[in-house]
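See below for the structure under consideration.
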Amino acid sequence: MESHRLRAGRVIDGFKLEELVHTGGMAALWRVTKAGETRSMLMKVPFLGEGDDHSAIIGFEIEHMILPRLTGPHVPAVIAVGDFAILPHLVIERLPGKSLDARLKDAPLSPEDVCWLGAKIATALQDIHRQHVIHLDVKPANIMLRESGPAVMIDYGLARHDELPDLLAEESDQPIGTNAYMAPEQVLGIRTDPRSDIFALGVVLYEMASGEKPFGNPSTRAGMRQRLYHEPRPLRALQPHIAPWLQEIILKCLEVDPDDRFQTAGQLAHALRNPDQVVLTERAARTKSPGFVKRVKNWWQGQNRVIAPPMRVADRLDKAPIIMCALDFSVDEADAISDAVKRLVRRLLETDPEARLVCLTVLKTSLVKLDEALDQGGRNIYLKRLVALKDWARSLDLLEESVSFHVIEAVDPAQAILDYARFNSVDHIVVGARGHSTLRRYLGSVSSRVVAEASCSVTVVRLTFTGEDDDTSSVHGATPEMDHTGG
Amino acid sequence: MRIAFCADIHGNRAAFEACLLDSGRRGYDQLVILGDVVGYGPDPQWCTDQVRDLQAKGALVVRGNHDASLREGTSSMNELARRAIEWTLTRLTPDSVEYLTSLPLSHRQEERLYVHANAWAPALWDYINTPREAERSMRLTDARLSFCGHTHVPELYHMSPRRPAAAFTPLTGKPIPISTIRHYLMVVGAVGQPRDHNPAACWALYDTAKREYTIYRVSYDIELTAQKIRETAMPQAMAERLAKRLFVGS
């Protein structure tokens, strides 16, 4: 192993070292080129010489193991993987621009910036969690933005893939992570909970919104343990102009007990993108740090915290899906179909109590008359639909914070449903389908397009008819027709 | 090179056939039989013949404690195992007993050690059930990778230099990348009598080019093997216990 003798101009596995871009504690980053390769590339070469810190090598081993198994826009693309026995290295795409760290020099950022950046990062985390990986070192220096929009999580040296051995499993005599951002359970050595990334993102959001770190930057273990019982100062005490809903979202991320946080990064992204749907609790109202009695109570709870047994990342995500039901109130059988949808949704929510329900209806607008928002009686159609949606959901008896309502206007309802689901990390779409008719067979239906094109599971609910020869087509109850498409 | 591992066949013909079929379908260049060809199961002679045949075609075979006990005696065994071996002896030709008891205790192939129980004293048959025991074994061999059987529970232990070992339970069909700067000890699950509460027969594959280790589980006709056990001359209660074990995988 000869990582120390690298210099510009040398060629390794066909890649020419052009320029040393960065030297960290663990590895050197070289800008590299290769004949026939147009992408901008970086080669990461770990320090593996005599006397080098062994834990630094483990970090590279982990990245070497996990990064090639991740795909999509939220991770840097892996171009080549070097043989560990000869010269270990990773060649990855070089992302243009700087990390979020650079942007934080201007903190506090505007609440709008905090929100759209936060939603992008949460979406990236949700994608990584869906691929079985917990990042465990979410911090501004490890977040970048693509020019095309998506956030990218970099540096997987502390990450955990829940289908692979944890190479840091035996290193947990010390909390592993970045002190200012580490979740309380991570301080205690737990490396199995994707909600630790949600806590760390909460710290990033807090820092973006206020310019300060909620728990400072402790260097001792006792200092780090403080977050087990120490409530961060409310953001509104630092920045009075911060909206209660934004404080609600950020402080919810920073809850000590993972069960009290957003349960998935997808749910967090949804909240950041739909501030009007955020339910305000006592968190939103806080304007000063807790008093003595509350601090003692928090401390006591912190000392006596019960640690839940670990759960697989996929199981964790499955427990808290975002379920979207698309309802159509404009058709004749609307009541019967939406009742059938409701019965199915109720059953789904019974099995996944932590699910979040998104109720959506599409207001079909024609291309010519875009601004016709009033009906013949002069009432606002948008508001009418919103009332209808809420009315529909009332008998489901849902907690206010676990349901949201959306009326969207679109020319093409199927496309609107698909776009909304993709943009909001929806896990499961429930959509009603009208009965068979010759006309629809030619025109195609909304539900069949959703089934064909959705990037998540879809359940189609259809009313059951008695049969072709029954000319009254009387409805005999409704059976959801399970039509699960792959996720 | 793709290396297929079968451990603890224990005279279970249906399970062994299912694993050979599955591994053959997925493809391998080298087969390694990690010991305990016989004991407990109803088809010791057929399994021994099959293993000899595979060995003639290039498979590597090591001796397990049940194989060894055919000559060394059963004093260290529990009653169930002992009485099963007594019955097994009545079903094996003298030539087969000679073959099984003369198998080598271990094989070494490049950086890999193949042994039934552990590397520190292969003939004493101590079990590896914890990271500490795995570490002991890994420190007492210069082979970077050890492949064992014996516990009937699939497990992977890994260790970097100067650090303690850690355990990981492999997931079926999920390849595990094997680092070149780490030591590993793979306990391959059992073909013929799984004890990890999954009754499916287990075999494993190591791909030296990709440096990936994967375990596979295969369903087989458990009822057939159970029925054959009940039809042996083993005492009825004992046969029933052995049969039941196959269904619950413990």
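The values are calculated or read from the model by the stated rules, or taken from the named source; none is laboratory data. Nothing here was measured: the structure is a model prediction, and the numbers come from that model. Using ideal geometry, Cβ is built from the backbone for each residue, glycine included, and neighbour counts are taken over all protein chains shown. Surface areas here come from the heavy atoms of the whole protein model, side chains and all, with no ligands, DNA or RNA. Shrake-Rupley method; radii C 1.70, N 1.55, O 1.52, S 1.80 Å.
What list of ³J(HN,Hα) values in whole Hz, one per residue of segment A:138-147 in order, does the Karplus curve 6.51 cos²θ - 1.76 cosθ + 1.60 (θ = phi - 60°) give from phi, with Gly and Pro shown as x?
6, 7, x, 5, 9, 10, 10, 10, 6, 4
Using a 1.4 Å probe on protein heavy atoms, which residues of segment A:85-126 have at least 10 Å² less accessible area in the complex than alone?
A:85
How many Å² of accessible surface get buried when B and A come together, counting both sides, probe radius 1.4 Å, rounded to the nearest 100?
In total, chains B and A hide about 1700 Å² from solvent.
For chain A, what does the relative contact order come out to in percent, with C-alpha contacts under 8 Å and a separation of six or more?
Computed value for chain A: 10 percent relative contact order.
Given a cut-off of under 8 Å on Cα pairs at least six residues apart, what relative contact order in percent is computed for segment A:100-316?
Relative contact order comes out at 25 percent.
As a test question: what accessible area, to the nearest 10 Å², does residue A:455 have when a 1.4 Å probe is rolled over all protein chains in place?
Near enough 70 Å² of accessible area.
How high is the relative contact order of segment B:35-127? Use alpha-carbon pairs under 8 Å, at least six apart in sequence, and give a whole percent.
Across segment B:35-127, relative contact order equals 33 percent.
Helix-only mean residue ellipticity at 222 nm, chain A, DSSP H runs n ≥ 4 weighted -39,500 (n - 2.57), per residue, nearest 500. What is it?
-10000 deg cm²/dmol
Using Cα atoms only, what is the angle between the long axis of helix A:111-130 and the major principal axis of chain A, expressed in degrees (0 to 90) to the nearest 10?
So the inclination is approximately 90 degrees.
Would you mind getting the accessible area per residue of the protein assembly as shown, heavy atoms of the protein chains only, 1.4 Å probe, in Å²? Please report the intermediate quantities before stating the final value.
Working: 32550 Å² over 737 residues.
Per-residue accessible area for the protein assembly as shown comes out at 44 Å².
Considering only DSSP beta bridges whose two residues both sit in the protein assembly as shown, what percent are antiparallel, to the nearest 5? Numbers along the way, then the final one.
Details: 57 of 96 bridges.
In the protein assembly as shown, approximately 60 percent of DSSP beta bridges are antiparallel ones.
Put A:22, B:183, A:270 in order of accessible area, largest first, 1.4 Å probe: what do you get?
Heavy-atom accessible area, descending, gives A:22, B:183, A:270.
Measure nothing but the geometry: give the 0 to 90° angle between the long axis through the Cα atoms of A:244-253 and the longest principal axis through the Cα atoms of chain A, rounded to 10°.
Tilt of helix A:244-253: around 60 degrees.
Roughly what percent of Cα-Cα pairs across the protein assembly as shown reach past 33 Å?
62
For segment B:72-122, which GluC sites (Glu not before Pro) are both in a DSSP coil and crowded by at most 15 other Cβ atoms within 10 Å?
B:110, B:111
Would you calculate, for chain B, the mean residue ellipticity at 222 nm contributed by helices, counting each DSSP H stretch of 4 or more residues as -39,500 (n - 2.57) and dividing by all residues, to the nearest 500?
-10500 deg cm²/dmol
Take the Cα pairs of segment A:100-316, get the Kirkwood Rh, then feed it into Stokes-Einstein at 10 °C and 1.306 mPa s and tell me D in µm²/s.
After rounding, the answer is 91 µm²/s.
Given the whole protein assembly as supplied and a 1.4 Å probe, what does the accessible area of residue A:395 come to in Å², nearest 10?
Accessible area of residue A:395: about 60 Å².
How about segment B:180-216: which of its residues lose at least 30 Å² of accessible area in the presence of all protein chains relative to their chain isolated, using a 1.4 Å probe?
B:180, B:181, B:182
Cα axis of helix A:334-351 to longest principal axis of chain A: angle in degrees, 0 to 90, nearest 10?
Tilt of helix A:334-351: around 40 degrees.
Quick check: the distance between the Cα centres of segment B:175-250 and segment A:191-216, to the nearest angstrom?
Each part reduced to its Cα centre gives a spacing of 45 Å.
Probe radius 1.4 Å, ligands and nucleic acids ignored: give me the carbon and sulfur share of the accessible area of the protein assembly as shown as a rounded percent. Intermediate results must be reported in sequence, preceding the final value.
Working: 16450 of 32550 Å².
C and S atoms contribute 51 percent here.
Have a look at segment A:167-194 and report residues whose accessible surface goes down by 30 Å² or more when the remaining protein chains are included, against the chain on its own, probe 1.4 Å, ligands and DNA/RNA excluded.
A:167, A:170, A:171
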